[in-house]
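Here's the structure we're looking at; comments come further down.
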Amino acid sequence: MSNGTNVLAFAESRLGNIRRASLETVTAARRVADQTGGQVHALIAGAPGIAVHAAKLAAHGADVVLVIEHDGFTHYNPEALAATLAARIATGYRAAFFAASAQGHDLVARTAATLGVSYASDVTEFVVDGNTVTVKHPGYTNKVIQAFSLTATPAIISLRAGAVLPMENAKAGAVEAITSAIDPASARVKVTATEPSGGAKLDLGEAPVIISGGRGLKEAANFFLVEDLAAAFGNAAVGATRAVTDDGWRPHSDQIGQTGRLVSPDLYVACGISGAIQHLAGMRTAKTIVAINKDREAPIFKVADYGIVGDVLQILPVLTEAVKQAKG
Ligand SMILES: Cc1cc2nc3c(=O)[nH]c(=O)nc-3n(C[C@H](O)[C@H](O)[C@H](O)COP(=O)(O)OP(=O)(O)OC[C@H]3O[C@@H](n4cnc5c(N)ncnc54)[C@H](O)[C@@H]3O)c2cc1C
């Protein structure tokens, strides 16, 4: 495989909407391309009309936007996308970035397998130093942060949501229409419908702020306190521990942790959450962690930047009021 200097970013979309993760992969690709002296090529696929997002990808640093518009990509088409991405990467890219989302986990594995190369998944940090890309990845349920040196080309990386802050850095974003490497209709796996979880709510992987609740809230009915605080922020999503989702207080799609969503928001507020290792595995990389717990010895305080010891049922309304005032 030739050793190019260009960097590919896969721009994830869902039902015609671009996902925040796309801006993160393009931003990451830009950072690497600025060091290799190459270009950023963002690849987006969707039903006709998806090209409308090219301007946003260009604004975040894409020199070229490779667009596939085809009805066969209305929903996620894993086989056709992986074949197309692998064929494109094989033309000679230094690195390729994917999101470590549900779709991204599937796609990066298929693409790397098609190319016959390894990849680094769920990466929270990366540094390019000469011919080596060093990446960090939380391992063993976050007990260790593993550092890997990727010396082979291309370096294929999936990025944890929030690991890279989308940055505007306008480039030409020349739109280049490309076609699928295989007939999208020939794929054996067919996604026939895509239903957004949680209605119109902000997705946990996209939200800069997450307010999360645990068993310390005592009962499902008290979750309105968590929702109120999220609403006061305006840009916050609501998360939960597994104890809470297992008890049916919240949908499983809200669960954060080892067996739930992996998130890295700017701010994570843990309300009545003990901080079990399996929960920390999903949120420890948040930029700032605030914990509210009545037990000053609760493990969550070991990872918290700010801790409030007290009754979450009394503290949440006060916090919500304070946020409203600060915003107002
Ligand atoms: C294989 C496996 C996978 C798992 N995956 C996950 C996962 O993905 N995500 C996850 O979250 N868990 C996961 N778990 C479960 C995990 O081990 C914990 O059981 C769970 O995270 C605990 O949830 P919690 O903090 O809500 O409840 P608890 O551990 O019961 O903690 C409740 C906390 O609330 C505090 N509290 C009580 N009352 C108040 C009050 N009035 N005010 C303030 N604080 C109060 C208590 O001091 C306590 O610290 C997994 C477990 C296993 C074995």
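The values are calculated or read from the model by the stated rules, or taken from the named source; none is laboratory data. Every value quoted in this text rests on a predicted model; they were computed, and no experiment measured them. Glycine gets a Cβ as well: all are built from the backbone with ideal geometry, and neighbour counts include every protein chain shown.
Listed by position, the strands (runs of 3 or more DSSP E) contained in the range 198-278 that have at least 2 residues being of a type in the set (Gly, Ala, Ser) and modelled with pLDDT of 95 or more are 209-213, 236-240. The set of residues from the range 284-299 being more than 7 Å from the ligand (Cβ to nearest atom), β-branched (Val, Ile, Thr) and surrounded by 19 or more Cβ atoms within 10 Å (Cβ to Cβ) comprises Thr285, Ile289.
Would you say Gly162 is crowded, with 19+ Cβ neighbours inside 10 Å, assigned to a loop (DSSP other than H, G, I, E, B), outside the structural domain of Gln255 (by TED's automatic domain parsing) and on the phi > 0 side of the Ramachandran plot? Criteria met by Gly162. Ile182 fails exactly one of the following numbered conditions: (1) closer than 20 Å to Asp106 by Cα; (2) within 16 Å of the ligand (Cβ to nearest atom); (3) out of contact with any Phe, Trp or Tyr (no Cβ under 9 Å at 6 or more places or on another chain). What is the number of that condition? Just one mismatch for Ile182, condition (2).
Does Pro265 satisfy being surrounded by 15 or more Cβ atoms within 10 Å (Cβ to Cβ), near the ligand (Cβ under 10 Å from one of its atoms) and outside the structural domain of Gly139 (by TED's automatic domain parsing)? I'd like the intermediate steps shown before the answer.
On the way: surrounded by 15 or more Cβ atoms within 10 Å (Cβ to Cβ): yes; near the ligand (Cβ under 10 Å from one of its atoms): no; outside the structural domain of Gly139 (by TED's automatic domain parsing): yes.
No.
Count of the range 251-260 residues, restricted to those that are surrounded by fewer than 22 Cβ atoms within 10 Å (Cβ to Cβ) and either more than 26 Å from Val164 (Cβ to Cβ) or more than 7 Å from the ligand (Cβ to nearest atom) (or both), is 3. For the range 300-309, the set of residues classified as touching a residue at least 24 places away in the same chain (Cβ under 8 Å), of a type in the set (A, V, I, L, M) and more than 8 Å from the ligand (Cβ to nearest atom) consists of Val303, Ala304, listed by residue number. The single condition from (1) among the hydroxyl-bearing types (Ser, Thr, Tyr); (2) over 30 Å from Phe73 (Cβ atoms); (3) in contact with a Leu (Cβ under 6 Å, 6 or more places away or on another chain) that Tyr140 fails is (3).
Looking only at the range 198-241, count every residue that is of a type outside the set (A, V, I, L, M, F, W, C), surrounded by fewer than 20 Cβ atoms within 10 Å (Cβ to Cβ) and within 13 Å of the ligand (Cβ to nearest atom) and tell me the total.
4
Residue check: is Thr245 surrounded by 15 or more Cβ atoms within 10 Å (Cβ to Cβ), touching a residue at least 12 places away in the same chain (Cβ under 8 Å) and either more than 8 Å from the ligand (Cβ to nearest atom) or within 26 Å of Gly139 (Cβ to Cβ) (or both)? For Thr245, the condition - surrounded by 15 or more Cβ atoms within 10 Å (Cβ to Cβ), touching a residue at least 12 places away in the same chain (Cβ under 8 Å) and either more than 8 Å from the ligand (Cβ to nearest atom) or within 26 Å of Gly139 (Cβ to Cβ) (or both) - is met.
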